[in-house]
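Notes follow the structure.
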Amino acid sequence: MEAIVLKKNGEQKLVTKEITAQEQKKLGVMYSDFILSFDCYVEELEGSQAFITFYLPVLENEEKQLKLMMRQVDSFCDYFNLPKSKLFKISTACNWDLFTELTGDKAAHIHAVNGKFYFGNRSDLDDFEEATMDGFGFGTAFYLDVEAA
């Protein structure tokens, strides 16, 4: 397993072993898995999905944490020249229990959306998804075919 540890000062470190929950707590970072789903074949991925693992610093509230997560996805897409406009879903699996333990924030939004964020021409987007689309350009060229859905 390889993952990137991002510290609060912006420093990044590549780790090749899993960091235990106890070590995460001590370091103030949380395990964060992302699956990015694109509405096209992406040559750089040899498919339509990217899989990323980070240990992200635990910030003081859910809003700041989610914004950090989206900035990391944006940077990843920029670095690998991935088509953000065709990114229609981000699925996450993170250590939200540790986040709640360290911050006292219950992470209500992430639980309400079951760790999944959708983008594109959809009528069911929430305010966070719409703001993320506007801010990063995720899913701006994705059109949900309501006939097929």
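Which condition from (1) at pLDDT 95 or above; (2) closer than 27 Å to V42 by Cα is the one that E101 breaks?
Condition (2) is where E101 drops out.
Let's see how each residue does on (1) touching a residue at least 60 places away in the same chain (Cβ under 8 Å); (2) under 27 Å from K106 (Cα atoms); (3) surrounded by fewer than 19 Cβ atoms within 10 Å (Cβ to Cβ):
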residue: S32; (1), (2), (3): yes, yes, no
residue: E43; (1), (2), (3): no, no, yes
residue: T53; (1), (2), (3): no, yes, yes
residue: L59; (1), (2), (3): no, yes, no
residue: E63; (1), (2), (3): no, yes, yes
residue: Y79; (1), (2), (3): no, no, yes
residue: K84; (1), (2), (3): no, no, no
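In the list K67, K89, which residue meets the criterion of being in a strand (DSSP E or B), of a type in the set (D, E, K, R) and either within 10 Å of the chain's Cα centre (by Cα) or modelled with pLDDT of 95 or more (or both)?
K89
Within the stretch 48-55, does at least one residue satisfy the condition of being hydrophobic (A, V, I, L, M, F, W, C) and more than 20 Å from A21 (Cα to Cα)?
For the stretch 48-55, residues hydrophobic (A, V, I, L, M, F, W, C) and more than 20 Å from A21 (Cα to Cα): present.
Just the residues that are under 15 Å from the mean Cα position of the chain (by Cα) and part of a strand (DSSP E or B), please, taken from the stretch 41-64.
Answer for the stretch 41-64, where residues must be under 15 Å from the mean Cα position of the chain (by Cα) and part of a strand (DSSP E or B): Q49, A50, F51, I52, T53, F54, Y55, L56, P57.
Tell me which residues, restricted to the stretch 4-56, are touching a strand residue (DSSP E or B) at 6+ places or on another chain (Cβ under 7 Å), within 24 Å of S85 (Cβ to Cβ) and at pLDDT below 90.
Result: F54, single match.
What's the total number of residues in the stretch 122-149 that are at pLDDT below 95, surrounded by 13 or more Cβ atoms within 10 Å (Cβ to Cβ) and of a type in the set (G, A, S)?
Residues in the stretch 122-149 being at pLDDT below 95, surrounded by 13 or more Cβ atoms within 10 Å (Cβ to Cβ) and of a type in the set (G, A, S): 1 in total.
Hey, any hits in the stretch 104-121 for a residue that's at pLDDT 95 or above, under 14 Å from L36 (Cα atoms), assigned to a strand (DSSP E or B) and of a type outside the set (D, E, K, R)?
Within the stretch 104-121, one or more residues are at pLDDT 95 or above, under 14 Å from L36 (Cα atoms), assigned to a strand (DSSP E or B) and of a type outside the set (D, E, K, R).
The values are calculated or read from the model by the stated rules, or taken from the named source; none is laboratory data. Keep in mind the model is a prediction, meaning the values are calculated, not measured. Cβ sites come from the backbone with ideal geometry, for glycine too, and all protein chains shown count toward neighbours.
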